[in-house]
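Bear in mind these aren't lab numbers, they're just calculated from the coordinates by the rules spelled out. None of these values were measured; they are calculated from a predicted model. Cβ placement follows ideal geometry from the backbone for every residue including glycine, while neighbour counts extend to all protein chains displayed.
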Amino acid sequence: MVEHADNVVLTRKLTKVFRDFWLREKVTAVADLDLAIHPREVFGLLGPNGSGKSTTLKLVLGLLFPTRGAVWVFGRRPTDVATKARIGFLPEDSHLYPFLDARETLDFYGRLFHQRRSERRRRVEMLLDMVGLASVAHRRIGEYSKGMQRRIGLAQALINDPDLLILDEPTGGMDPLGTRQFKDLIATLARRGKTVILSSHLLADVEDVCDRVCILYGGRQQALGGVEELLHTPARTQITTDRLDERTLERLAGVLAEAGREIVEVSSPRQRLEEVFLRTVREAQERRLRTGGAGAGGGVAEFLRQAGPPAADGRRVIEQLVAAPPQAPSATEAAAPAAEQPPPPAPPQTDKVLADLLEAGRQKGQEPAPAEEKHPRRHAAAPPDRSVIDGLLGGGGKDRKP
């Protein structure tokens, strides 16, 4: 179990064989794959079409069951429901509801994680600004281009602030502006301590953001190591200097010839096409030219940059209050800030307390005002505002309009 706890994802002899109707082996998608993905790591899966990348990701997510071998995520089997809330997933095809707009889409995914309405709204606006879709958030997803759908798909994968982010071809159809922003986002998430698994055919993207890569072919691991380790060419030496004239080059060639070496290539350094593209677009944006597509996007959403777990919702607070009788805090405890503790299991009387509070709110105005004469020190508590209860319940599964 120690090895499991030290790795976010661990696979041992992981194998997946797809069979036909008669249970005959049709194709071996993944064979004897051993991987250990560490915390705070950006890990890349590379390989041609049909090499087993997407199958490996689905096995890690628990969407497919292995034929042989085993896989653990956060030290548990991937079918464990408790791990799902800690994972964000962007599949190769977005599969979004085409008749919802961007805000409705993100709000829907926020509801799946039982987020309160105020928290959903805050995160939705941050994510829309981050992926550059705030100006077109009113349009239906079915009207978006493929690149814009990838942007909103990336936003939904981040709505729950996951500890493990799994991305399958995330920049497919995305313009270079969005690709550059995606790389910056991955770097920010890795610095914050998140683990990212990236599957892509765009080798330049993987080279820029990944710490380690695994190259698959035929479902088997062919190479594994750090990016610098795999790309390093120790047999050659590269020297960069100011432009040299012909006479200097001839003298340099003579010096190398004395050492038994020769000049392999002489060329001027080139800019990357990505740099030229980004500079051109940036200049157009500075001239405030209008566009009907995705914008440049803002910075990384604030909730993705904050450290620490999210605060407990209202239901959990009430469950804590009901679980144990209140005790007078000591002077030291009163001065120290409360530490965030995982909430205890919900006691059976929690729902009864909530029902009593709601019933008291409904009877408000139907009962006579209590007498205040006999006990001057005791004051009748005002029935709780229904909107407060709704807020504590996180909407109770549905949003109520005031």
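In whole angstrom, note down how far apart the Cα centers of the range 24-46 and the range 192-217 are. One Cα centre to the other: 13 Å. Packing-based ranking of 12-19, 27-34 yields 27-34, 12-19, ordered from highest to lowest mean Cβ neighbour count within 10 Å. In this calculation the C-beta distance from Gln222 to Asp184 is compared with R0 = 35 Å, giving a FRET efficiency of 0.70.
Relative to the current alpha-carbon distance between Arg40 and Arg77, full extension at 0.36 nm per residue lengthens the span by 11.3 nm.
Against the empirical curve 2.2 N^0.38 Å, the C-alpha radius of gyration of the range 213-254 lands at a ratio of 2.06. Listed peptides 203-213, 217-227 appear in the order 203-213, 217-227 once ranked by packing, highest mean of other Cβ atoms within 10 Å at the front.
A simple packing score, the average count of other Cβ atoms within 10 Å per residue, orders the peptides 59-69, 192-202 as 192-202, 59-69, with the highest score first. Measuring nothing but alpha carbons in the range 61-184 and taking Rh as the Kirkwood radius, the Rg to Rh ratio lands at 0.99. Each of Arg86 and Leu202 was given a label point 7 Å from its Cα along the Cα-to-Cβ line. The distance between the two points is 3.0 nm. Taking label points 7 Å from Cα along the Cα-to-Cβ direction, Glu143 and Asp93 give a separation of 2.4 nm. Note on the range 165-280: along the principal axes its Cα atoms extend 54, 40, 29 Å, ordered by decreasing extent.
Note on the range 2-233: Kirkwood radius taken over Cα pairs, Stokes-Einstein applied at 10 °C and 1.306 mPa s, translational D equal to 86 µm² s⁻¹. Translational diffusion of the range 36-113, estimated by Stokes-Einstein from the Kirkwood radius over alpha carbon pairs at 20 °C in a medium of 1.002 mPa s, is 144 µm² per second.
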